[in-house]
Amino acid sequence: MSAAEHVTDSLNKIAELDLDLTQTVYQKYFTRCPAASELMHYSDPHMRGRMLEQTFGLIMDPSLQGEDQYFRWEVGNHLMGYGVSKDMYADYLESIRDCVKGALREAWQPQHESGWQLRIQSLLDELALLN
């Protein structure tokens, strides 16, 4: 299985548990990155949930392209329009991984860990190529 497939497997397990990780993810993210909390003070739970859902889709996309290279567009939009820094993405992605891992407990497998690490690194590598 590929890294994306291991990540998808972990997210499918979350779906089977019918867990909504939105609040937990953003609490962890804002603890890791207080500047993100300041930037996102306007966002409501619905908006955060939608953002997390889009991120799940991106993480599961092995080509990192998504719909019309969504990742590149979204990052460019955030960097230019909202004052987001590239460093914030690592904190966000790692917060998601940590919350999935915490929710799965004993169902979290070594292949999930390696899959998430590879996917996060792939996204961060792609991010480094953007202006």
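The values are calculated or read from the model by the stated rules, or taken from the named source; none is laboratory data. None of these values were measured; they are calculated from a predicted model. With ideal geometry, Cβ positions are generated from the backbone for all residues, glycine too; neighbour counts draw on all protein chains shown.
Odds and ends about this structure:
- Every residue from the stretch 15-25 that is part of a helix (DSSP H, G or I) and either of a type in the set (A, V, I, L, M) or in contact (Cβ under 8 Å) with a residue 60 or more places away in the chain (or both): Ala15, Thr24, Val25
- Checking each residue in the stretch 1-26 for being surrounded by fewer than 14 Cβ atoms within 10 Å (Cβ to Cβ) and within 17 Å of Gly49 (Cβ to Cβ) picks out Ala15, Leu17, Asp18, Asp20, Gln23.
- Scanning the stretch 31-42 for residues that are of a type in the set (Gly, Ala, Ser) and either surrounded by fewer than 16 Cβ atoms within 10 Å (Cβ to Cβ) or part of a loop (DSSP other than H, G, I, E, B) (or both) yields a total of 2.
- Only listed residue being more than 14 Å from Arg97 (Cα to Cα) and modelled with pLDDT of 95 or more, chosen from Thr24, Thr31: Thr31
- Near pairs, Cβ below 7 angstrom, 6+ apart or cross-chain, from the stretch 47-58 (without any contact (Cβ under 8 Å) to a residue 40 or more places away in the chain) to any residue that is assigned to a helix (DSSP H, G or I): Arg48/Thr22; Arg48/Tyr26; Gly49/Thr22
- The set of residues from the stretch 43-70 being assigned to a helix (DSSP H, G or I) and modelled with pLDDT under 60 comprises just one member, Tyr70.
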